[in-house]
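Remarks on the structure that follows.
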Amino acid sequence: MKKKKRHIYNPEVELAKGATLDARSYDKTLKIKVTASKVTVGGIPGRAEISGIATGHIPEAGIEGTCDLWLSIFRYMRPDGTIDHVGGWNIPTILKPGQTAAATAKIFVDYINAGTRPYRATARGGKIKIIFVIKKGEKPKAYNPEIELAKGATLDAASYDKTQKIKVTAGKVTVGGISGRAEISGTATGRNDASINGCLGIWLSIFRYMRPDGTTDHVAGWNIMLPLKAGQTAAASAKAFAEVINSGTRPYRAAAAGSKIKIVFTLK
């Protein structure tokens, strides 16, 4: 296994990193727009502005009458060389009929400030200002192999075919080498249009773990959709999944034995 090159901390680069701020209103009369779309580690705030009076939420109309803020996932290097992975945050609010822009801004701010995420916010009228906060005196956690090697991706699967099915028999693929497993059964009806009908799907969830050197590796999720041919056997589908996984650049490898699939995590 090749050692990963340790990068040198560059404050100009790292302090400019941050979350992308996005917003959307699903209300007929209350609107929201982003006026500064990045919340940086170095202290540059993200800003949004709300206007209008809310028509309000109608439960039977789904998301109509709601308003959302999103802060994207990102990561940055601390001065000590460790990597901090900051999770994304979706903040929805349900609007009441007649709710003002100022009241809505305050609800968002109260929610952000009551949370455990590294953000704080203020409101002035219908305007919202969001900043990133670094916890002072926060010490990097010590590497614990028992904890870190047990981390991994959740394996899930679904069939959209009438006659070929797939089930997960071991639902986690761990950093320490425990494999995820799935089993396919039946002969495929197959796909005959551009929809997901006639497909099998496998999902490996997003996760993160600490390496022995104290840095954090963020492993992206992976959605693998396999279109089936009419008459395709379970063994052929298992082999096709394994080939897709093994030809990819993600840190996973797979093997097929008949209709059974075994997936392992591979450290670079």
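Every number in this text was worked out from the coordinates using simple rules, so none of it is lab data. The shown structure was predicted, so the numbers you read here are calculated from the model rather than taken from an experiment. For neighbour counting, all protein chains shown are included, and Cβ atoms are generated from backbone atoms with ideal geometry for every residue, glycine included.
Quick notes on this one:
- GNM top mover of Thr122, Thr249, Thr174 - the chain, alpha-carbon springs below 10 Å: Thr249
- Karplus-based coupling profile of the stretch 76-90, in residue order and whole Hz: 8, 8, 7, x, 7, x, 7, 9, 9, 9, 9, x, x, 9, 9, with θ = phi - 60° in 6.51 cos²θ - 1.76 cosθ + 1.60 and x standing for Gly or Pro.
- Spin-label model, Ile178/Ala220: points 7 Å from Cα along the beta carbon direction are separated by 2.7 nm.
- Rounded to the nearest 20, the size of the Cβ-charge dipole of the chain about its Cα centre is 680 debye, with Lys and Arg at +1 and Asp and Glu at -1.
- Overall form of the chain: oblate. Here a/c, set by the Cα gyration tensor axes a ≥ b ≥ c, is 1.5 or more, and a/b is not larger than b/c.
- Base-10 log of normalised Debye intensity for the stretch 106-225 (one unit scatterer per alpha-carbon) at q = 0.13, 0.16, 0.18 Å⁻¹: -0.79, -0.88, -0.94
- Angle in degrees between helix 101-114 and the longest Cα principal axis of the chain, rounded to the nearest 10: 60
- Semi-axes of the equivalent ellipsoid for the stretch 11-132, Cα gyration tensor, largest first, Å: 30, 13, 11
- Charge dipole (the chain, unit charges on Cβ, about Cα centre) - positive-most of Pro97, Gly52, Ile245: Ile245
- Cα-based helix-to-principal-axis angle, 234-247 vs the chain, degrees rounded to 10: 60
- Placing a label point 7 Å from the Cα of Thr20 along the Cα-to-Cβ direction, the residues of the stretch 28-50 whose backbone N falls under 13 Å of that point are 37-39.
- Placing +1 on the Cβ of every Lys and Arg and -1 on the Cβ of every Asp and Glu, with no other charges, gives the stretch 11-132 a dipole of roughly 340 debye about its Cα centre.
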